[in-house]
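Below: the structure, in C-alpha cells.
The values are calculated or read from the model by the stated rules, or taken from the named source; none is laboratory data. Fair warning: this is a prediction, and the values are worked out from it, not measured in the lab. So basically every Cβ, Gly included, is an ideal-geometry build from the backbone, and we count neighbours across all protein chains shown.
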Amino acid sequence: MVGEPEGDSLVVTTSLRPGSGLDARARRIAADLQVPYAPRQDKSTAHLVAETGASRLLLVGVERVALRDVSNEIEYAFHPNMTPVRAAKLLHGGRDPFAEATGLGPGDRLLDCTLGFAAEATLGALLVGETGLVVGLESVPELAAVTREGLRTFPMPQPALAAAMRRVTVITTDYRDYLPRCASGAFDVVCFDPFFPERLPGAENSVSPLAHFGNPAPLDAASVGEARRVARRRVVVKHPRHEPLPSELAGDVSDIITARHSRLAYSVLPALPA
C-alpha cells in the first residue's frame, strides 16, 4: 500500500477487476488527495478494510467513482439525477427556476459555492456556453474528487449536456476562504445550495449520502455579503420552499423563484453597488 492511513482514514482503491488504465487513474486520484492507494488484487472490500484500517474507501471503477463509509455502507457516487431532464426542457425553450433566478446567458461567469452533485453548475455551464465560465467549489476533498471525476467521465447521451459537464471547473476549497480572495464583480452570478436544518424527503431530493459526507456548516450572512460583493448582478440561494432564508438574509431578497409543484425555491439577492 502506498502511504499509511491514520484515524478517520480514507484509502483509494479500484473496482474488483480494474480495466486498462484504471490503476493509474486511481493512483492519480490518491496522489491528488494525498491519501494512501491500495491495489485491489482481487480482495473483497472487507479484506481491504481489515488490511488497511480504512474507515472510508474511494472506489475507482470504469464507469463510476464512489465514496463509501465502511461503518454503515453509505455510499456517494456522482449521478446527474434530474439534470438531463431539466437540460432537455431548457434546450427546447422550457422554463427552469434556476435559469430564471440566475438570468444566465452566453458568456456569463457563474460561481457555485456549494457544488455537491453539480446539478446547478452543469445547467449553468449549458446556459453560459463555451464563451462563459462556471467554477464550482467543494470544501470536502474526497467529494470534490468524486464530482470532478464524474463530470469528466459520466456517459451522457445529450452532446450539449456532456460538453457542459466537461466545462465545469472544480476547485477544492471552502467558499468562506475563496470569496474574500475574489475581486469585486469577478462573477456575474454567485449561487449557494447549503444544507438547511430539515432535509426534504422524496427521490428528487435524496441527498442523504451527500449530507452524510458533506460540510454541514450553515450559510452565514457574512459569506452572503461577500458573495454580493463578488457578484456583478446577483446572488441566488436555493432552499426548501417552506423554509425561508434566515431573517438576517430575508430582508435583502428581491425575488423568490419556484415552480408550481416544486418543494424548492431560489431566493435572489441583488449584488452590492460597485
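May I ask you to list the residues in segment 246-258 that are part of a strand (DSSP E or B) and under 24 Å from the mean Cα position of the chain (by Cα)?
Scanning segment 246-258 gives 256, 257, 258.
Going through 126, 90, 115 one at a time, which residue ends up being in contact with a strand residue (DSSP E or B) (Cβ under 6 Å, 6 or more places away or on another chain) and closer than 23 Å to residue 164 by Cβ?
115
For residue 107, are the conditions met, namely being in the same structural domain as residue 228 (by TED's automatic domain parsing), loosely packed, with under 15 Cβ neighbours inside 10 Å and in contact with a Gly (Cβ under 8 Å, 6 or more places away or on another chain)?
Spelling it out, residue 107 is indeed in the same structural domain as residue 228 (by TED's automatic domain parsing), loosely packed, with under 15 Cβ neighbours inside 10 Å and in contact with a Gly (Cβ under 8 Å, 6 or more places away or on another chain).
Can you work out which of the residues in segment 9-47 that are polar (S, T, N, Q) and over 23 Å from residue 72 (Cα atoms) is surrounded by the fewest Cβ atoms within 10 Å (Cβ to Cβ)?
20
With assigned to a helix (DSSP H, G or I), under 17 Å from residue 112 (Cα atoms) and modelled with pLDDT of 95 or more as the only criterion, which of 233, 228 stands out?
Details: 233 fails: assigned to a helix (DSSP H, G or I).
That would be 228, the only listed residue that is assigned to a helix (DSSP H, G or I), under 17 Å from residue 112 (Cα atoms) and modelled with pLDDT of 95 or more.
Working only within segment 157-197, note down all residues that are of a type in the set (Gly, Ala, Ser) and farther than 16 Å from residue 127 by Cβ.
Once the filter is applied, which keeps residues that are of a type in the set (Gly, Ala, Ser) and farther than 16 Å from residue 127 by Cβ, segment 157-197 yields 183, 184, 185, 186.
State which residue pairs qualify: first residue closer than 14 Å to residue 117 by Cβ and inside segment 208-221, second residue surrounded by 14 or more Cβ atoms within 10 Å (Cβ to Cβ) and among the hydroxyl-bearing types (Ser, Thr, Tyr) in any location, beta carbons under 9 Å apart, and separation of 6 or more residues or different chains.
Correct list of pairs: 209/76; 210/76; 212/76; 213/76; 214/76; 214/114; 214/139.
Residues in segment 149-164: is at least one at pLDDT 95 or above, in a strand (DSSP E or B) and within 18 Å of residue 133 (Cβ to Cβ)?
no
Restricting to segment 86-107, name every residue that is under 13 Å from residue 129 (Cβ atoms) and in a loop (DSSP other than H, G, I, E, B).
Passing the criteria: 104, 105, 106, 107.
Evaluate segment 61-82: report whether one residue or more is of a type outside the set (Asp, Glu), part of a helix (DSSP H, G or I) and either out of contact with any His (no Cβ under 8 Å at 6 or more places or on another chain) or surrounded by fewer than 16 Cβ atoms within 10 Å (Cβ to Cβ) (or both).
Of segment 61-82, the ones of a type outside the set (Asp, Glu) are 61-62, 64-68, 70-72, 74, 76-82.
With the extra rule that they be part of a helix (DSSP H, G or I), the set shrinks to none.
No; the residues of segment 61-82 include none that is of a type outside the set (Asp, Glu), part of a helix (DSSP H, G or I) and either out of contact with any His (no Cβ under 8 Å at 6 or more places or on another chain) or surrounded by fewer than 16 Cβ atoms within 10 Å (Cβ to Cβ) (or both).
Can you work out which of the residues in segment 66-117 that are of a type in the set (Lys, Arg) and touching a residue at least 24 places away in the same chain (Cβ under 8 Å) is nearest to residue 55 (Cα to Cα)?
Step by step, filter segment 66-117, then rank; the result is 86.
Right, residue 223: assigned to a loop (DSSP other than H, G, I, E, B) and of a type in the set (Gly, Ala, Ser) or not?
So residue 223 does not fit the description; no.
With (1) more than 17 Å from the chain's Cα centre (by Cα); (2) assigned to a helix (DSSP H, G or I) as the list, and residue 209 as the residue in question, which single condition is left unmet?
With respect to (1) more than 17 Å from the chain's Cα centre (by Cα); (2) assigned to a helix (DSSP H, G or I), residue 209 is out only on (1).
Does segment 6-18 include one or more residues that are β-branched (Val, Ile, Thr), in a loop (DSSP other than H, G, I, E, B) and at pLDDT below 95? Can you show your working first?
Going through segment 6-18, the residues β-branched (Val, Ile, Thr) turn out to be 11-14.
Filter again for in a loop (DSSP other than H, G, I, E, B), leaving none.
So far as segment 6-18 goes, no, none of its residues is β-branched (Val, Ile, Thr), in a loop (DSSP other than H, G, I, E, B) and at pLDDT below 95.
The conditions are (1) surrounded by fewer than 16 Cβ atoms within 10 Å (Cβ to Cβ); (2) among the basic types (Lys, Arg); (3) not assigned by TED's automatic domain parsing to the domain that holds residue 254, and residue 95 fails exactly one of them. Which is it?
It is condition (3) that residue 95 fails.
If you take the residues of segment 259-273 that are buried (at least 17 other Cβ atoms within 10 Å of the Cβ) and under 21 Å from the mean Cα position of the chain (by Cα), which of them is modelled with the lowest pLDDT?
If we take residues in segment 259-273 being buried (at least 17 other Cβ atoms within 10 Å of the Cβ) and under 21 Å from the mean Cα position of the chain (by Cα), then 264 is modelled with the lowest pLDDT.
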